[in-house]
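Presented below is the structure to which this report refers.
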Amino acid sequence: MFELEPVTPSGFNMPIPEEQSEYVTQFAFSRDVAQNIKRQADWTCEETGKKAADGWRLEAAHDCHNKHYPYYNNEVNGKCLCIASHLKQHIKILETCPAHMKGWAKASIKLIAKRAFTEGLRYSKHYFEYPLDIIDDRDEVVNILVDGGLDPEEYIF
């Protein structure tokens, strides 16, 4: 089995900027639920088939993003996605959500994109073995944003 990187109680393994801490507190799965979602998917992205055992960073993603949904923080409302697929999911949400949700959708994209760009699409152990892969992975994050019609400068930096 592979070794997971240490994470904070929220399930993130990087400090969350102050302006986004409310987003994480209100919208992220609890760590236990997130781990259960990944475990149920056998640590495999349900969109791409990428596996944590192969070094890919995985996240628990909500099916329903309405925080008033009774099962919001429950395994039945989640799926396991690689971070690239999670970013694409939130870009699609931004494209289709009502106007009053645009602020939340943009904040979620910023959080996911910045984490993907900073930490990479794979666990840090992979980058110790293949340090140049971080360049390709950062390019992929930028391309995902550009393909979604978004300015990477606004969402990453």
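Throughout, read-outs are computed from the coordinates displayed, never taken from laboratory work. In this text the structure is predicted, and so the values were computed from the model without any measurement. Note that we place each Cβ from the backbone using ideal geometry, even for glycine, and neighbour counts take in every protein chain shown.
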Residues other than residue 44 with Cβ under 11 Å of its Cβ, Lys/Arg counted +1 and Asp/Glu -1, net out at +1
Proxy exposure order for 79, 50, 102 (fewest C-beta within 10 Å first) is 102, 79, 50
Which residues qualify? For residue 122, with a placed amide H closer than 5 Å and at least 5 residues away or on another chain, they are 57
For residue 51 and residue 97, extending 7 Å from Cα along the Cα-Cβ vector and measuring point to point gives, in nm, a value of 3.4
Put in order of increasing Cβ neighbours within 10 Å, starting from the fewest, 108, 30 give 30, 108
note: the range 18-156, Cα-Cα separations exceeding 21 Å make up a percent value of 42
Proximal lysine pairs in the range 69-143, meaning Cα under 13 Å and 8 or more positions apart or interchain, come to 6
Here the equivalent ellipsoid of the range 94-157, derived from its Cα gyration tensor, has semi-axes (largest first, whole Å) of 26, 11, 8
Of the residues 53, 142, 30, the Cα lying farthest along the dipole of the range 18-156 towards its positive end, which is defined by charges on the beta carbon of Lys, Arg, Asp and Glu, belongs to 30
Here the gain from full extension of residue 63 to residue 76, 0.36 nm per residue of separation minus their alpha-carbon distance, amounts to 3.8 nm
